[in-house]
1. Have a look at SER383, SER372, SER376, SER366 and point out the one that is within 18 Å of LEU439 (Cβ to Cβ), more than 16 Å from the ligand (Cβ to nearest atom) and in contact with a Cys (Cβ under 7 Å, 6 or more places away or on another chain).
2. Across region 291-311, what is the number of residues that are closer than 18 Å to ALA267 by Cα and more than 16 Å from the ligand (Cβ to nearest atom)?
3. Just to verify a result, which residue in region 312-338, among those that are of a type in the set (Val, Ile, Thr) and within 15 Å of the ligand (Cβ to nearest atom), is farthest from the chain's Cα centre (by Cα)?
4. Considering only region 451-496, state which residues are of a type in the set (A, V, I, L, M, F, W, C) and in a strand (DSSP E or B).
5. How many of the residues in region 435-455 are farther than 18 Å from ALA411 by Cα and either surrounded by fewer than 24 Cβ atoms within 10 Å (Cβ to Cβ) or β-branched (Val, Ile, Thr) (or both)?
6. Which of (1) in contact (Cβ under 8 Å) with a residue 24 or more places away in the chain; (2) crowded, with 21+ Cβ neighbours inside 10 Å; (3) touching a helix residue (DSSP H, G or I) at 6+ places or on another chain (Cβ under 8 Å) does GLU64 not meet, given it meets every other one?
7. Among the residues of region 240-251, write down those that are more than 13 Å from the chain's Cα centre (by Cα) and within 18 Å of ALA82 (Cβ to Cβ).
8. Do the conditions hold for GLU135, that is, is it at pLDDT 95 or above, in the same structural domain as ARG213 (by TED's automatic domain parsing), in a loop (DSSP other than H, G, I, E, B) and closer than 27 Å to SER52 by Cα?
Amino acid sequence: MLPSNSSMVRSAARLLRTWRPGCVWCPCRNISLKPGGSRPKTLPQRYLGQPSPFTHPHLIKHGEVTPGLTQTEFELRRLRLASLIEAQADRLGPSASSSTHVVVLLSHPTRYMTNDIPYPFHQNQDFLYLSGILEPDSALVLYGTGRPDQAILFVPRRDPSRELWDGPRSGKDGAAALTGIERVHCTEELGLVLKSLKGTVLWYDSSLPAHPRLHQAHVGPLLDEGPMPHSLRPLIHSLRAVKSSAEVALMQEAGRISAQAFRRTMAMCRGDVDEAVIFAKFDFENRIHGANFLAYPPVVAGGNRANTLHYINNNQIIKDGEMVLLDGGCEYFGYVSDITRTWPVNGKFSPAQAELYEAVLEVQRSCLSMCSPGVSLDHIYSSMLALLGRQLRRLGVVKASSSEADVLKAARRYCPHHIGHYLGMDVHDTPELSRSQPLQPGMAITIEPGLYIAEDNDQVPKRFRGLGIRIEDDVVIRDEGGALILSSDAPKTIADVEKACAQR
Ligand SMILES: [Mn+2]
């Protein structure tokens, strides 16, 4: 689809004539993909479409694209993806390794709450992971013969009439200087550049495109002509699953901020308390200590509502004597935490609450001790079921005479969710990755066993009815020294929780 405006058509036609893969029509002259290679111009001394070392020196250092992540790190990610594709190309047949491979990634669009009112913008994480660009309506293309290791970035054209309303845009020069990607075009040129790369092997996620409008206008025509593109998401997710030390540092900060928020939220609790107040306090404590925002709508569930796993109404009064289950986490420059604690709002566990809590805690500790390379999430999950079953039998929730199969069935009933999930840029990170895969050093996961006993369940001892408990920590797998627990500052033992509640 050609741009409608005639001067745009002219410039696009010129672009088509002059631009070829591997040719250096536009800003790039000598492409160096080696870290430390030649870098484009210095940062424009103005506001960009995202924090820059010039405008936000308190957030981001020179050489970084987003806080904590350098140009070199983003470049290495793109090179790793190129290597994965190169390895796959070998398997696609002899011609594939001599073909031009083209990778297309789209940003998210701005989404609107109503009319002209946008939701806070949230970037497509796969696109962000490879580009560092935080603006909507952008794209990244990687290409190369056998190995797509050359990058072209597409960002929205600078437009004073739009920038008056939406704020500054990075523009081509700003995006080039910030990311270190030397070839930068305006987004409207995406289709034309792609067209010029015809007859290639395409890597693109065409189902559920990240940006429906860009997909339709620029990538669609390519898809109509060529064979089915190869899916990109599993490759990017396999890269995203293993965190670098800079990513772990960001996740550590996200974990530390949210853990402190738990501590301070516990300290303000008393019976009776509105779930909305606990929500507001938790949100406040995360943001005031440096989080960008909460990573997801938190579950603030008092009493029996803890048995509704995705309860997010957060609008009831928690009575004195009841517990609250708070499942919350924050986003810190693209990386998230996801922590759950359950505590009595009056600051003192009742004997029944303590009994059930200790049972979950013991299982959680055992599962945490299993977090090491080679073990899978699925394996920890089956151990959790066995351990929970043993606890349920001990507590008299299942009969001592029950068969092993019945005990496991009860464990599944009273904990209907998995032991955890991968964690990173997303709360439920890298969903393309199977949970049966052995964990590797650098992978981050959650460990979150729970027991949920509905108040109307008359098959269990009365004292446990209406209690729902989950304890969730964030963990990074390490080669040695045991797993790194990112959420360890959040009070967890009964003694620590009661102490935190007493800090009024
Ligand atoms: Mn979780």
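The values are calculated or read from the model by the stated rules, or taken from the named source; none is laboratory data. No experiment lies behind these values; they were computed from the predicted model shown. Note that we place each Cβ from the backbone using ideal geometry, even for glycine, and neighbour counts take in every protein chain shown.
1. SER383
2. Qualifying residue count, region 291-311: 1.
3. Selected residue: ILE312.
4. LEU451, ILE453, LEU467, ILE469, VAL475, VAL476, LEU484, ILE485
5. So the answer is 9.
6. Only one criterion in (1) in contact (Cβ under 8 Å) with a residue 24 or more places away in the chain; (2) crowded, with 21+ Cβ neighbours inside 10 Å; (3) touching a helix residue (DSSP H, G or I) at 6+ places or on another chain (Cβ under 8 Å) is unmet by GLU64, namely (1).
7. SER244
8. Numbers: at pLDDT 95 or above: yes; in the same structural domain as ARG213 (by TED's automatic domain parsing): yes; in a loop (DSSP other than H, G, I, E, B): yes; closer than 27 Å to SER52 by Cα: yes.
Yes.
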